[in-house]
Amino acid sequence: MRLRTVILMGIALLMTETAFAQEYDKWEESLDYSYARANPANVGKPYSLNGGGGALAYNFNGYIGVKLDLQGYGSLTRNFSNLVVFNPDGTTTLVNSGSFQSNLFTYMAGPQIRIPSHTFKPFAEFLFGGALTHFHGSLATATSATNVNTSNNAFSMAVGGGFDIKLNHTLSIRPFQMDYLLSRFGNSIIPGGDHNQNNFRYSAGINLTFGE
């Protein structure tokens, strides 16, 4: 009798776990505030960018899906002094002072991996695509640099993750998401600049799920 009870309880538990594993939302739509530390020329100190955007994800099952992510950022006016600038003829010029503004827009897509759970819903992502900035163009204008490659469009990649806390059937809050953000903007204005920029971004917002 005890053996039968144990078997029945095991079957019931297995059926519950199977049903739970099959329960997932096919679509996710998120809206967020995003903060990034970036340095499009990889020279000097990184600066802060504030903005936001959203993402749309389609889940093939409870574990893996594909995600489209769009984010836009802007910066306050930045001042600089004693900046050395490349000239087209190979010489350099010292610019005593000036100011400029910058922005950054990223558009990426890639796989998203989730650990199925009811309330606490962690995820990881690997996204790649492109980025757009007016940093180099604004800096070239501020320093009167001409005939330079401002490289406004570039490859970008984000690797990271976060978690959602589910409030009801459709609404979750996303208090934490952190990504390593790589961009590859060319640099022909500032000596010592790099074509690869290692940045990071933090995001927080809400996540809507539907289509279970």
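Values in this text are rule-based calculations from the coordinates and carry no lab data. Computed from a prediction, not measured in an experiment: that's the story for all the values here. Cβ sites come from the backbone with ideal geometry, for glycine too, and all protein chains shown count toward neighbours.
Using a Förster distance of 41 Å, how high is the FRET efficiency between Asn152 and Phe60, based on the Cβ-Cβ distance and rounded to 0.05? According to the calculation, E is roughly 0.70. Counting neighbouring Cβ atoms within 10 Å and putting the fewest first, the residues Lys26, Lys121 line up as Lys26, Lys121.
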